[in-house]
Amino acid sequence: MNIHILKSKKEASLYASAKIIHQIHHKPNSVLGLSTGNTMISIYNDLVHAYKNHMTAFVKVKTFNVDEYADISRYNKNSFFYFMNKYLFSKTDIKLKNTNFPIETNSKSYDKIIKETGGLDLLILGIGRNGHIAFNEPGKSSNLSSKTRKIILSDETIKVNKLHRKNITHAYTVGISTILKAKKIVIVAFGKEKSNAVYNLVNGKMGYNNPSAFLRDHNNFMLILDQDAARLLSIR
Ligand code: GLP
């Protein structure tokens, strides 16, 4: 595990987007695993900026998002497809036919589709305040061999993601085994509200109650943090 602590959210975000740009430069038809959430907004803004300045192109890239809310349409403003389209897809040359989401129709075969596409070259993840990665919430269903599946969102995630009034209680997510099969994994976290989750990722007991810790065993795993998210680590 490599840990990179940058001075600010802005610098950390640029560092993360540079990893993606480097990946695409090295392999223009890269298969990327992508995430949603506030953490990703500044990273996608940086990527769009780079695209508009001809520093990168997505025309050959294939993407697999790691999660999606269940029982809502992709055109619903709360859907992760809507988010991705708003912040990245519609602002770059990514072909929508090359984008994938774990939804009802393909959740059972999502792992197979990823494998047939050649596997994820680079997977960019955030982390929830309670330590969830994608929607692998702490609990038995997030065991080491978990695959893409439908899950019940935790009360905390429903609260943090303000889902109460939106009738959203379930989601589809890739599993821990799906994540660990990626060739390179990056987790990005900003802000002091993530410092506990980051501490548990780095130092906590490995197991389904602390699913992010499984990533410590991956041979190409990088953690990109700002100073606030890193404040409980003593490695600075
Ligand atoms: C969301 C997503 C995750 C994301 C995490 C952190 O609900 N399911 O993929 O990494 O929670 O989100 P944020 O960046 O908004 O804190």
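The values are calculated or read from the model by the stated rules, or taken from the named source; none is laboratory data. The structure displayed is predicted, hence computed values, not measured ones. We place every Cβ from the backbone using ideal geometry, glycine too, and count neighbours over all the protein chains shown. Ligands, DNA and RNA are excluded from the accessible area calculation, which covers all protein heavy atoms including side chains. Shrake-Rupley method; radii C 1.70, N 1.55, O 1.52, S 1.80 Å.
Using a probe of 1.4 Å on the protein chains alone, the accessible area found for Asp71 is around 110 Å². Computed with a 1.4 Å probe on the full set of protein chains, the accessible area for Arg74 sits at about 100 Å². The HN-Hα couplings worked out from phi for region 52-67 by the Karplus form 6.51 cos²θ - 1.76 cosθ + 1.60 (θ = phi - 60°) are 5, 9, 6, 8, 7, 8, 10, 4, 9, 6, 10, 10, 10, 6, 8, 7 Hz, whole numbers, x standing for Gly and Pro. Net charge of the neighbourhood of Leu120, taken over other residues with C-beta under 11 Å away and scored Lys/Arg +1, Asp/Glu -1, is +3. When the Gaussian network model of the chain links Cα atoms closer than 10 Å, the mean-square fluctuations of Met84, Met206, Met55 top out at Met55. Would region 2-226 count as rounded, prolate or oblate if I go by the C-alpha gyration tensor, calling it rounded below 1.5 in a/c and otherwise prolate when a/b exceeds b/c, oblate otherwise? Rounded, because the longest to shortest axis ratio a/c is under 1.5. Multiplying the residue separation of Asn196 and Leu144 by 0.36 nm and removing their Cα-Cα distance gives an extension gain of 16.6 nm.
Residue pairs exceeding 22 angstrom between C-alpha atoms, taken from Lys10/Lys192; Lys91/Lys194; Lys108/Lys162; Lys77/Lys162: Lys91/Lys194; Lys108/Lys162. Residue by residue, region 19-32 carries 3J(HN,Hα) couplings of 4, 5, 4, 4, 4, 5, 4, 5, 9, x, 9, 4, 9, 9 Hz when phi is fed to the Karplus relation 6.51 cos²θ - 1.76 cosθ + 1.60 (θ = phi - 60°); x denotes Gly or Pro. Heavy-atom accessible surface of Val202, to the nearest 10 Å², is about 30 Å², with a 1.4 Å probe and all protein chains retained.
Proximity of backbone amide H atoms, modeled 1.01 Å from N, is registered between Thr169 and no other residue at under 5 Å, excluding neighbours fewer than 5 places apart on the same chain. In the elastic network of the chain, a GNM with C-alpha springs shorter than 10 Å, the most mobile of Glu68, Glu116, Glu104 is Glu116. Rounded to whole numbers, the Karplus 3J(HN,Hα) couplings from phi for region 154-171 are 6, 4, 5, 5, 4, 6, 4, 8, 6, 9, 3, 8, 9, 6, 10, 10, 10, 8 Hz, using 6.51 cos²θ - 1.76 cosθ + 1.60 with θ = phi - 60°, and x at Gly and Pro.
Here region 2-226 is treated with +1 on each Lys and Arg Cβ and -1 on each Asp and Glu Cβ, and its dipole about the Cα centre works out to around 240 debye.
For the chain, with a Gaussian network of springs between Cα atoms less than 10 Å apart, report the residue from Asn38, Asn196, Asn209 with the top mean-square fluctuation. Between Asn38, Asn196, Asn209, it is Asn38 that shows the largest mean-square fluctuation.
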